[in-house]
Structures are given as structure tokens and as C-alpha cells.
């Protein structure tokens with residue numbers, strides 16, 4: 001049980017590191033329209049996951065879950081949520097809104113923790129509640145600085161938070177789930193790409209070989225962290241999964257500031273500091289649980 005929790009943390013942290021550096025990848029192909037990038041991302045992720053299914057001989061598991069209408073409904077909802085999240089994120093990065101996207105993924109863990117308590121009846125101790133409130137203060141400060149409702153940030157937070165909750169309800173392994181999600185989206189993506197190509201505005205034939213290879217590679221950079229995330233989500237309660245998600249927006253925030261030179265104010269510094277204080281409080285509470293119980297809340301739901 002302890003090993004499952006440890007592996008869950010490793011999978012989740014690895015996923016968030018990869019997601020954190022994704023802005024650089026999308027910036028490299030910002031000459032392509034955001035919806036077209038999204039369509040290529042879906043299509044090539046589908047191709048990549050089918051290859052993995054064939055190599056791992058998971059056809060039986062794939063066919064088994066396809067017979068379960070309730071599970072297929074969950075997968076359908078998950079596919080819609082992740083497609084919306086992908087598209088909004090690509091648009092935000094290529095519209096010079098990396099800090100807004102980063103704010104969205106700072107809000108997301110709070111939303112995930114709330115879902116964990118409301119839907120899955122996960123409980124937090126006083127230290128963890130204190131961490132949640134501290135992180136909330138940081139997010140509120142950033143939101144007030146924004147000066148209006150941060151629709152991009154909220155859209156990313158809610159869509160990915162709900163996607164994480166749906167993954168908790170889907171009873172299959174990571175690769176099968178992702179394969180079915182991309183299978184449901186791939187026909188629409190292929191039709192859109194085809195229309196763009198026939199209209200003479202598609203990336204193939206118009207962009208250089210570097211951009212074409214990056215578009216094809218988007219399937220790999222999409223599938224790998226999602227597989228890691230799905231594996232982590234099945235091994236961890238949402239309350240723990242939620243706080244590890246601060247890794248990705250922190251990396252993205254630093255990339256936005258130091259690589260793409262987006263403005264970072266004193267208020268941003270205050271918000272950022274509060275969020276990391278919250279992480280320290282939460283980490284301390286988890287260490288205490290490990291010492292007292294031998295296995296902390298990391299493995300409670302395994």
C-alpha cells in the first residue's frame with residue numbers, strides 16, 4: 001500500500017513537470033492556429049496511444065470497458081473536458097497569457113481539493129485546512145490584481161479539476177482510458193485538419209519541416225504526461241493530487257517571466273509566496289501523518 005502511494009506521487013510529479021515546460025513547446029509552433037494545433041494534438045495522441053495499446057496487447061481491456069455504457073459515458077465527459085482544457089491552454093500560451101494560464105493551474109488544486117471533500121468524502125486535518133486557506137489567499141490576491149473575472153484561468157481550473165474527478169470514476173488503466181478519450185475526439189480533429197488542408201491554409205505544405213515534426217510530436221508530449229497523471233490520480237486522493245499540481249504552474253510562471261518576459265509585479269510575488277507557504281504547511285502535515293500512522297493519506301484510498 002505504501003509503495004502505491006509513493007509511485008502515485010512519482011507519477012503525478014513527473015506529469016506536472018512535463019506540463020510545466022509545455023509553454024515552450026507550444027510557442028515553437030505558434031505560427032499555426034490554436035484550433036489546428038489542438039486538432040493535431042488530438043489526432044497524433046490517438047495514433048500514439050493505439051501504438052501503445054498494440055504493443056502492450058491491451059485490446060481485451062479496451063473491448064471490455066467499451067461494453068460498459070456507464071464507463072463509456074464517463075470517458076466521453078472526460079474527453080470533452082480535456083479537449084476544452086487543451087484548446088484553451090494552447091490559445092492562452094500563444095496569446096501571451098502564460099501568467100493567466102499559470103493562475104488557472106494555481107486555482108485548479110483548490111478546486112480539486114473541494115471536489116475531493118464534496119464528492120469523494122476525503123477529509124483534511126487542521127494543518128491541511130490551514131494550507132488550503134493560505135493558498136486561497138494567494139489566489140484571491142492574484143485575482144484581485146487581475147481586476148476582472150479571470151475567465152481563462154477559471155476555465156482551465158474547472159475543466160482540469162473536473163477531468164481529474166472523472167478519471168477517479170473510470171475503472172480501467174491509464175492507456176486504455178486515454179485511448180478511448182482520443183478515439184472519441186479523433187474523427188472531429190481529422191475532419192477539421194482535412195478541411196484546413198483542402199482550403200489551402202493547413203499546416204502541412206505551408207509550414208516548415210520543423211513545425212510539422214513538432215505537430216506530429218504533440219501526440220507524444222500530450223500522451224506521456226496524461227498517462228503519468230492518470231496513473232497518479234488512481235493511486236492518490238484528490239486532496240493530495242491537488243497540492244502536487246502547484247508544480248506545473250510554478251514552472252510555467254517562471255518560464256513566462258524569465259523566458260518570454262511577461263510582467264511579474266510585487267503583488268504577484270505576494271501571491272506566489274503565499275502559495276508556497278501553503279505547500280510547506282501541507283507537506284509538514286503529511287510528514288506528521290507518515291510518522292504517526294506508518295502510511296499517510298497518500299495511500300489511504302489505494
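What follows draws every value from the coordinates through simple rules; no lab data is involved. These numbers were taken from a predicted model, which means no experiment stands behind them. Positions of Cβ are generated from backbone atoms using ideal geometry, with glycine treated the same way; all protein chains shown enter the neighbour counts.
Between 112, 56, 83, the residue with the greatest mean-square fluctuation in the GNM of the chain (Cα pairs under 10 Å linked by springs) is 56.
Kirkwood's formula applied to the C-alpha pairs of segment 37-157 gives a hydrodynamic radius of 17.3 angstrom.
For segment 152-275, what does the alpha-carbon gyration tensor say about shape, rounded, prolate or oblate, given a ≥ b ≥ c as the root eigenvalues, a/c under 1.5 as rounded, and a/b over b/c as prolate? Verdict is oblate for segment 152-275. Modelled this way, with points 7 Å down the Cα-to-C-beta line, the labels at residue 120 and residue 171 are 1.6 nm from one another. Once you order the gyration tensor axes a ≥ b ≥ c over the Cα atoms, which shape class does segment 69-114 get: rounded for a/c under 1.5, otherwise prolate or oblate by comparing a/b with b/c? The shape class here is oblate. For segment 1-94, the equivalent ellipsoid derived from the alpha-carbon gyration tensor has semi-axes of 27, 20, 14 Å in decreasing order. Computed from label points 7 Å out along Cα-Cβ, the spacing between residue 6 and residue 21 is 2.5 nm.
When the Cα centres of segment 6-77 and segment 158-197 are compared, how far apart do they sit, in Å? Cα centroid of segment 6-77 versus Cα centroid of segment 158-197: 7 Å apart. For the pair residue 33 and residue 261, the difference between a 0.36 nm per residue extended length and the Cα-Cα distance amounts to 79.8 nm. Over the residues of the chain, the helix contribution to mean residue ellipticity at 222 nm works out to -27500 deg cm²/dmol, using -39500 (n - 2.57) for each DSSP H run of at least 4.
Judged by the gyration tensor of its Cα atoms, with axes a ≥ b ≥ c, segment 206-286 is oblate; a/c meets the 1.5 cut and b/c is at least as large as a/b. Within the chain, the ratio Rg/Rh, alpha carbon atoms throughout and Rh by Kirkwood, equals 0.98.
The calculated FRET efficiency for the pair residue 54 and residue 220, based on their C-beta separation and a Förster distance of 22 Å, comes to about 0.90. Calculate, for residue 137 and residue 64, the FRET efficiency according to 1/(1 + (r/R0)^6) with r their C-beta to C-beta distance and R0 51 Å; round to the nearest 0.05. Step by step, r from the Cβ atoms, then E = 0.65.
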